[in-house]
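Structure record follows, encoded as structure tokens.
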């Protein structure tokens, strides 16, 4: 295990004697906590307790101690481990769906979710690590995208002043802050191709459990799913099919861009992941995610000049519409009602959105500059739902300040990817990273027009991870690009060309 962690440790982050002593003490503490947690969790499960928290939280506490020890001694490994595990954590979620269920999703309930607790741990560890880096004389690498993300978090924090209840708004600020922090941290860590590859490995390792869990459910005849109207939609390890779909959309688009630029061995590993992800994305029947993924893939094909991909994609789309159960009907019957079991009839999805937006927009009139507070829309409407349009949500909940920052985030995501494309050679891994980041930025932009993407942490962590990789590609050719004192991106100068004699 020590060798594996050292493999993920940058050279400037080797453990000191104090860190090794701390690590040994942490291992002993973890052994005690893990034993106690296993006893409590096992007793709760064996006694058939109805409180899921008594089963899950002791295990989360043990995992938290282990991760805290890892963060103190191997911060890069800690970050990559969280990136690889984040897509699996919602299986242990204690609260319900995030929107339209304010009674069971108060700040107290959602704050006890394992993903929320580990997110707080990540924030604390990241702040301490960044302070340590700055104190040691290393200049922190910046970018316009980092500034835009932090500005949006700041606008959300200001909006808390007008929020009722403020606890729910504060929790939403922390969730969005964790997304911004993941970008900031990865931007500091990715200073070479080695760390770039490790980040991509961690991101795609996150696919293994969600795909395996879904395959196992299908083989067992009872896949995790939800019923909406007459449609059965896969949810994977997530609470909602929409969340599963958005996560898969990012992974598919970026994976399609990477595929022609990696070795044959990696292609053999990537192909089944992309194949299963595509099938499961279609089976979620989430129109916004499917359509945005289509646009992302087309953008990748155009940037990389892959005409065969466009032809194959068109053929695959026709086959999917004909063979995937319910997919054609889902897109053809936009006027059909969608009724969640035990819930109200929502009617035409597009018509409902248009009507709801006209109800939501006037909420900002009370405070158009700073908004009514993050996550407050669902507390102030009869439908108790988020707006299903993140630009409207940014304006209503964070005001003109937040809307401007949110627009800047989208602009910087696309600009960052375009710069990376311009500064990388076609056919290289770096060009694949850049094209994938552009495709994912377009997925995010289009999905934000008709879905609640803004605080969908599990999906956005991977979006910003891919964007951080593209930021490395865009900045690697600049002097002192990585902001490390005394270290520059040194590249050998080309050999002088002898003049030919006339």
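Evaluation of residue 352 against the conditions (1) buried (at least 16 other Cβ atoms within 10 Å of the Cβ); (2) assigned to a helix (DSSP H, G or I); (3) at pLDDT below 90; (4) touching a helix residue (DSSP H, G or I) at 6+ places or on another chain (Cβ under 7 Å) shows that the sole unmet condition is (4). Being assigned to a strand (DSSP E or B), in contact with a helix residue (DSSP H, G or I) (Cβ under 7 Å, 6 or more places away or on another chain) and more than 18 Å from residue 444 (Cβ to Cβ) is a condition met by at least one residue of the range 234-250.
May I ask you to verify whether residue 455 is farther than 21 Å from residue 176 by Cβ and part of a loop (DSSP other than H, G, I, E, B)? In short, no. Taking every residue in the range 163-188 that is within 15 Å of residue 471 (Cβ to Cβ) and pairing it with any residue that is outside any helix (DSSP H, G or I), at least 6 positions away or on another chain, the pairs with Cβ-Cβ distances below 7 Å are 187/141; 187/143; 188/140; 188/141. Filtering 443, 433, 396 for residues that are crowded, with 22+ Cβ neighbours inside 10 Å, within 23 Å of residue 168 (Cα to Cα) and at pLDDT 95 or above leaves a single hit, 396. One residue alone among 222, 241, 263 is surrounded by 19 or more Cβ atoms within 10 Å (Cβ to Cβ) and modelled with pLDDT under 95, and that residue is 241. Taken over the range 195-230, residues that are in contact with a strand residue (DSSP E or B) (Cβ under 9 Å, 6 or more places away or on another chain), touching a residue at least 60 places away in the same chain (Cβ under 8 Å) and part of a helix (DSSP H, G or I) amount to 1.
The values are calculated or read from the model by the stated rules, or taken from the named source; none is laboratory data. Every value quoted in this text rests on a predicted model; they were computed, and no experiment measured them. Every residue, glycine as well, gets a Cβ built from its backbone with ideal geometry; the counts of neighbours run over all protein chains shown.
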